[in-house]
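Asker: So that we are looking at the same thing, I have put the structure below in structure tokens.
Since every read-out is calculated from the coordinates, none of them should be taken as a lab result. What you see is a predicted model, and the numbers here were worked out from it, not measured in a lab. Backbone-built Cβ (ideal geometry, glycine too); neighbour counts: all protein chains shown.
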Amino acid sequence: MGYNAVVDGGFAALAAVLIAGCSASGGNVSISTATPSSTLSGVGLVFVADIWVDNWFSMTANGAQIAEDVEPITQERSFNAQSVEFTATYPLTLTVVTKDFMENASGLEYIGTDKQQIGDGGFIMQVREKESGKLVTATSPAWREFTIQRAPVNVDCVTSPDPLAECESSALEEPNGWQDPSFDDSSWSNATAYSADEVKPMRGYDEIAWDATASLIWGADLKVDNVLLWRTTVAKPG
């Protein structure tokens, strides 16, 4: 769960991970609020994606950027529910970046207060065809996940008076081309599903009627995993 970010010039690399949205170009998708229209690779369908993330997300469809969280991760309580409408064609490859809040590379929040702690994340999404109402996909353990930032690796530093110096972290680069539909994610992990009691979702989560198949997911560690990449592909209906 996240609150105000404190990122100064000394944490430029971390700022890039926390704040910068991921971009992509090309692909057979366009943002749309109208009826199905022509896209770069043929006639598309209008889809509606419902998303709730603690704290922030960015999303592509078939390699093209379609959405970024309207609430910045630097804002207090930046988790919320959003619905995104876009036009695309099958097969439909969706990629999402999710980020939990952390004040700095230590992975902690409320640093220097009596609430100093490790934050936790959570992500749920469902996608439907707008016209038919058919459920296309929903987050589940079948989604592929790759964690690129983890902290604190040594969780006993949570009470440290100097967590930036004492808490350890690990960070990886985003794999080249990971948002492309042709990217091979077979080496990635499967998502881990969590209950609502474990994630404790709020601020918008209850405003969406979630399908029974939609799961709250995250990496293997709900607290330590802070920046994650997600992929799923929906085949063309037979």
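Asker: Sort 94-102, 82-90 by packing, meaning the average of other beta carbons within 10 Å per residue, with the highest value first.
Answerer: Ranked by mean Cβ neighbours within 10 Å, highest first: 94-102, 82-90.
Asker: Which lysines, if any, have their Cα less than 23 Å from the Cα of Lys200, not counting same-chain residues under 8 positions apart?
Answerer: Lys99, Lys115, Lys223
Asker: If the chain between Val234 and Ala209 were fully stretched, how many nm would it gain, using 0.36 nm times the residue separation less the Cα-Cα distance?
Answerer: Working it through step by step, the gained length comes to 6.8 nm.
Asker: Right, here's the next one. Does segment 122-238 come out rounded, prolate or oblate by the C-alpha gyration tensor, with a ≥ b ≥ c the root eigenvalues, rounded set by a/c under 1.5 and, if not, prolate when a/b is larger than b/c and oblate if not?
Answerer: Cα axes put segment 122-238 in the oblate bin.
Asker: Fewest Cβ neighbours within 10 Å first, please rank Lys130, Lys115, Lys200 accordingly.
Answerer: Going from sparsest to densest Cβ surroundings: Lys115, Lys200, Lys130.
Asker: Next up: For a quick check: sort Glu71, Glu109 by the number of other beta carbons within 10 angstrom, fewest at the front.
Answerer: By the 10 Å Cβ count, ascending: Glu71, Glu109.
Asker: Subtracting the Cα-Cα distance from 0.36 nm times the residue separation, let me have the gained length for Ser182 to Val70 in nm, one decimal.
Answerer: Once the chain is fully extended between Ser182 and Val70, it gains 37.5 nm.
Asker: Each label point is 7 Å from the Cα along the Cα-to-Cβ direction; what then is the distance between the points at Ala193 and Tyr110, in nm?
Answerer: 3.1
Asker: Take Leu164, Leu45 and order them by how many other Cβ atoms sit within 10 Å, fewest up front.
Answerer: Listed from fewest to most nearby Cβ atoms, that is Leu164, Leu45.
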